[in-house]
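Down below is the structure, laid out as structure tokens.
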Amino acid sequence: AQKITQTQPGMFVQEKEAVTLDCTYDTSDQSYGLFWYKQPSSGEMIFLIYQGSYDEQNATEGRYSLNFQKARKSANLVISASQLGDSAMYFCAMREMGGSYIPTFGRGTSLIVHP
Amino acid sequence: GAVVSQHPSRVICKSGTSVKIECRSLDFQATTMFWYRQFPKKSLMLMATSNEGSKATYEQGVEKDKFLINHASLTLSTLTVTSAHPEDSSFYICSAKGQLGAHTEAFFGQGTRLTVV
């Protein structure tokens with residue numbers, strides 16, 4: 001069974017608008033971490049934001065925020081004030097602390113920001 | 001944040017030859033490194049977990065004799081694609097486990113685009 005589900009294969013957003021990228025996860029662990037990575041066309045994976053399962057507040061990093069809804073097992077990424085350079089693939093990942101610390105990745109969402 | 005350097009970023013090789021890809025943690029010691037393969041427009045597929053000083057753990061379906069992994073030091077892991085064939089052409093990316101503040105994080109290299117002709 002898929003542990004990380006990203007249901008949006010592609011998203012479009014206008015420059016300066018906000019966009020939400022969806023991510024739901026499945027785990028029976030109480031302790032886990034959720035991550036978002038950005039992968040531009042160059043291929044490198046860029047860490048964006050982290051949310052721990054015990055963190056009560058939603059994580060924020062600059063224009064990125066993670067909308068963490070634990071009961072729904074969702075960890076959506078919100079990008080505010082989109083920029084053209086935000087066009088990239090975005091991957092949601094989860095690491096279960098009770099396991100081997102190996103992160104599991106979703107299939108990714110392609111975001112295109114247009115002027 | 002921690003830096004992981006992967007080299008080369010691009011390589012083209014002839015079918016039948018071997019290619020070595022290096023993954024270095026530049027400012028931290030990484031006892032565990034991961035090797036992923038990514039097909040175009042697809043997610044990252046974990047190939048193997050590399051532990052310093054011991055044999056790598058391969059995921060199901062990954063040929064250990066084909067993809068040789070060596071993790072001889074705390075800052076270097078290598079992936080050698082042996083007797084490469086065109087179907088081995090892919091994007092390979094490594095990550096190293098390190099600390100980011102209070103939690104453990106996977107830091108990624110820049111990736112290597114392998115083309116076998």
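For the reader, a short list of remarks on this structure follows.
- Summing Cβ point charges (Lys, Arg +1; Asp, Glu -1) relative to the Cα centre of the stretch A:11-87 gives a dipole of roughly 100 debye.
- Solvent-accessible area of the stretch B:23-117 (1.4 angstrom probe, protein heavy atoms only): carbon and sulfur portion equals 53 percent.
- Pairs over the 30 Å Cα-Cα cut-off, from the set A:K3/B:K20; A:K3/A:K38; A:K16/B:K97; A:K3/B:K66; A:K16/B:K41: A:K3/B:K20; A:K16/B:K97.
- Which of A:M94, A:V113, A:Q39, positive extreme of dipole for the stretch A:25-114 (C-beta unit charges): A:V113
- Each Lys and Arg contributes +1 and each Asp and Glu -1, all at the Cβ; summed about the Cα centre of the protein assembly as shown, the dipole is approximately 440 debye.
- Accessible surface ranking for B:F34, A:F47, 1.4 angstrom probe, highest first: A:F47, B:F34.
The values are calculated or read from the model by the stated rules, or taken from the named source; none is laboratory data. The shown structure was predicted, so the numbers you read here are calculated from the model rather than taken from an experiment. Note: ideal-geometry Cβ built from the backbone for every residue, glycine included; neighbour counts use all protein chains shown. Side chains included, ligands, DNA and RNA excluded: accessible areas come from the protein's heavy atoms. Shrake-Rupley method; radii C 1.70, N 1.55, O 1.52, S 1.80 Å.
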